[in-house]
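The values are calculated or read from the model by the stated rules, or taken from the named source; none is laboratory data. Given the structure is predicted, the values throughout are model-derived calculations rather than measurements. No Cβ is skipped: glycine too gets one built from the backbone with ideal geometry, and neighbour counts run over all protein chains shown.
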Amino acid sequence: MQELFEQLIQSPKLPLYLKQFQEILDKEQQKREEFYQAITEADKAEFINGEVVFQSPVKLQHDVASGALFRLISTFVAMRALGYVGHEKIMISLTRNDYEPDICFFSKTKSEHFSLEQTRFPAPDFIAEVLSDSTEANDRGMKFTDYAAHGVGEYWLIDPSREFVEQYILLGESYELLIKSNSGSLKSTVITGFEIPIRAIFDEKENLKALQEIMSTL
């Protein structure tokens with residue numbers, strides 16, 4: 001990336017490239033404004049590199065994992081007044097793209113400035129995406145790069161079919177894999193004190209046990 005940047009800087013065509021880039025971004029921003037005007041609360045859609053991406057209905061295994069993790073994180077955060085946890089319909093507006101992550105956590109420092117009428121939000125501190133056939137490429141590609149570039153400190157990828165979790169932490173400007181497992185426990189580096197068994201994301205009984213543990217430790 002740095003090598004490509006240096007080549008552009010040294011090129012005599014740099015002003016021409018900048019003009020072309022600006023034209024592309026101006027057209028993209030117009031489409032983005034149209035996207036904001038067109039979408040409704042009923043839509044599950046994202047704006048990625050100038051294109052509107054609509055999300056298809058999820059499989060039950062996706063919904064189970066997403067709901068289970070949200071229940072644990074949101075309960076933990078609410079009981080300790082750590083911030084705000086969004087689920088599926090919270091639109092994250094980054095420099096170029098707009099995403100609706102499965103789960104996102106905003107620290108109290110960020111969330112205390114939110115309003116009840118707000119519809120677009122800044123980069124959160126933590127994001128979890130549940131993988132599906134239609135979203136995995138973006139979750140591992142575009143979003144992986146974009147979340148890191150905008151300082152999302154921790155990123156979890158959850159595979160509901162294989163029942164694996166990958167935990168990435170931000171080091172500098174990129175993510176480093178900390179854990180990839182289907183057993184043991186996960187301890188967040190961003191949500192202070194949050195630690196759960198991995199099985200609690202996929203197994204209802206384990207989820208209820210972990211929830212009881214969270215509620216009993218306050």
The one condition Glu41 fails out of (1) within 30 Å of Phe202 (Cα to Cα); (2) surrounded by 11 or more Cβ atoms within 10 Å (Cβ to Cβ); (3) of a type outside the set (A, V, I, L, M) is (2)
Expected single match for on the phi < 0 side of the Ramachandran plot, at pLDDT below 95 and charged (D, E, K, R) among Glu195, Glu173 is Glu173
Scanning the stretch 44-84 for residues that are hydrophobic (A, V, I, L, M, F, W, C) and without any contact (Cβ under 8 Å) to a residue 60 or more places away in the chain, the one farthest from Glu206 (Cα to Cα) turns out to be Val52
Residues of the stretch 5-26 being touching a Phe, Trp or Tyr at 6+ places or on another chain (Cβ under 8 Å) and either at pLDDT below 85 or loosely packed, with under 10 Cβ neighbours inside 10 Å (or both), in sequence order, are Leu8
Ala200 vs (1) assigned to a loop (DSSP other than H, G, I, E, B); (2) in contact with a helix residue (DSSP H, G or I) (Cβ under 9 Å, 6 or more places away or on another chain); (3) within 27 Å of Ala137 (Cα to Cα); (4) in contact (Cβ under 8 Å) with a residue 24 or more places away in the chain: all pass except (1)
* Glu206: in a strand (DSSP E or B) and surrounded by fewer than 21 Cβ atoms within 10 Å (Cβ to Cβ), yes or no? -> no
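Which members of the stretch 182-197 meet the condition of being in contact (Cβ under 8 Å) with a residue 40 or more places away in the chain and either part of a strand (DSSP E or B) or surrounded by 13 or more Cβ atoms within 10 Å (Cβ to Cβ) (or both)?
Ser188, Val190, Ile191, Phe194, Ile196
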Okay, helices (runs of 4 or more DSSP H) sitting entirely in the stretch 46-156 with 2 or more residues that are buried (at least 16 other Cβ atoms within 10 Å of the Cβ) and among the charged types (D, E, K, R), I get 60-80, 142-149
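Listed here are the residues, each with its yes/no results for (1) of a type in the set (Lys, Arg); (2) under 30 Å from the mean Cα position of the chain (by Cα); (3) farther than 29 Å from Ser174 by Cα.
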residue	(1), (2), (3)
Gln2	no, yes, no
Gln7	no, no, no
Gln10	no, no, no
Leu16	no, no, yes
Leu25	no, yes, no
Glu28	no, yes, no
Gln37	no, yes, yes
Thr40	no, yes, yes
Asn49	no, yes, no
